Amino acid sequence: MSLTIEKQIELLLDGHPLEIDDTHDTSHAAQNEIGGTGIPSTYVPICQKTVTYIVAAVIINNEGEVLMMQEAKATCNGKWYLPAGRVEPNENLTDAVKREVLEETGLILKPETLILVECATGSWFRFVFTGKITGGKLKTLQEANEESLQACWVNNVNDLSLRSHDIVSLIDRGKAYVMNKDILQHPNLLPVSRPLRKLLLRLVITSKKRATNKLHVLVSDTTPLYLPICEINSNRNFLSTLHNYMKELFGSGVAQHKPHGILSIEFSGGQEGDGLCLTLLVSFKLPVEDVSPIGKFLWYELPENIAASITYRLPRNMTVPLYVVR
């Protein structure tokens, strides 16, 4: 049975997958042609071969200290870093971060939420988690192995010799999420499992109608209704995929729009593929009357309850940030 667009959005706002017939996914993904050549993509994501998925954990204790590990690899021996590593074939993201934390620090992590997603080209993604330690024993130098030399809780990471300073912004983000309980934050969001054979970007695009001030969302002009979805170009910057797809939806002169962040993440993890689907919330400041879609999409008025839920989430810190590494 097909889900209404209202139900689809409710599921996405709660971080759930869309259990719908995805034949429109593959057919529409093919419209997002590689490099504008008119040739549909033949790219297939294969974990650790054609796509790289990284997990990292920013774990903050009650004293505000961050969990760090000391590298054992020859190329960075003795340097310090967050517990992190590559997702293995047939492994889901949550299991991957739990494994990395256990191997590198000796502690057992209960992941609670993603706090950040990073991507470089469309085939490199890093998923940054936070959560609570529920057991285990902090790794000491006497327990050093090929995974790490030791682990410790650190008050100021700037006192350490870091493998790379790219983690400083991740730690800042983790502390802001975990320790700032007085400000609005995005709700806890963990990846959900769904068989996927492609890297996909789904968009929840909103605008208000000037005449009524009602919130609208862009949907297909076919029945059943579905949200716009395209294939992520594996060879180019993620923002290039977003920009090109918005031009496909609204024409080359598409008005200024704001990507707010991620509402849901669907990850295959070896379930009939190594694919991924990110759902991104995007808004126009201009009213519906001034932002006309072209092609196979139209504006759809949302009922008050759904409109209120989306409006509540529109501030940037109410979605999981998506950072594009240049």
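Within region 271-286, does at least one residue satisfy the condition of being surrounded by 15 or more Cβ atoms within 10 Å (Cβ to Cβ) and on the phi > 0 side of the Ramachandran plot?
yes
Filter region 301-322 down to residues that are of a type in the set (S, T, N, Q) and surrounded by fewer than 19 Cβ atoms within 10 Å (Cβ to Cβ) and give me whichever is farthest from the chain's Cα centre (by Cα).
Out of the qualifying residues, it is Asn305.
Just to be sure I understand the filter: pairs with C-beta atoms under 7 Å, separated by 6 or more residues or on different chains, first member in region 164-181 and within 18 Å of Glu71 (Cα to Cα), second member at pLDDT below 95. Which pairs pass?
From region 164-181, the pairs are Val168/Val157; Ile171/Val157.
Can you find a residue in region 208-224 that is crowded, with 18+ Cβ neighbours inside 10 Å, part of a helix (DSSP H, G or I) and modelled with pLDDT of 95 or more?
Within region 208-224, not a single residue is crowded, with 18+ Cβ neighbours inside 10 Å, part of a helix (DSSP H, G or I) and modelled with pLDDT of 95 or more.
List pairs: first residue in region 108-125 and farther than 18 Å from Val320 by Cβ and without any contact (Cβ under 8 Å) to a residue 40 or more places away in the chain, second residue assigned to a strand (DSSP E or B) and open to solvent by 10 Å² or more (accessible area, probe 1.4 Å) anywhere in the structure, Cβ distance under 7 angstrom, at least six positions apart or on different chains.
As it stands, the answer is Ile108/Ile133; Ile108/Thr134; Ile108/Gly135; Ile108/Gly136; Lys110/Lys132; Lys110/Thr134, since those pairs meet every condition given.
The values are calculated or read from the model by the stated rules, or taken from the named source; none is laboratory data. These figures come from a predicted structure and were not determined experimentally. Glycine also receives a Cβ, built like all others from the backbone with ideal geometry; neighbour counts cover every protein chain displayed. Note: areas computed on protein heavy atoms with side chains; ligands, DNA, RNA excluded. Shrake-Rupley method; radii C 1.70, N 1.55, O 1.52, S 1.80 Å.
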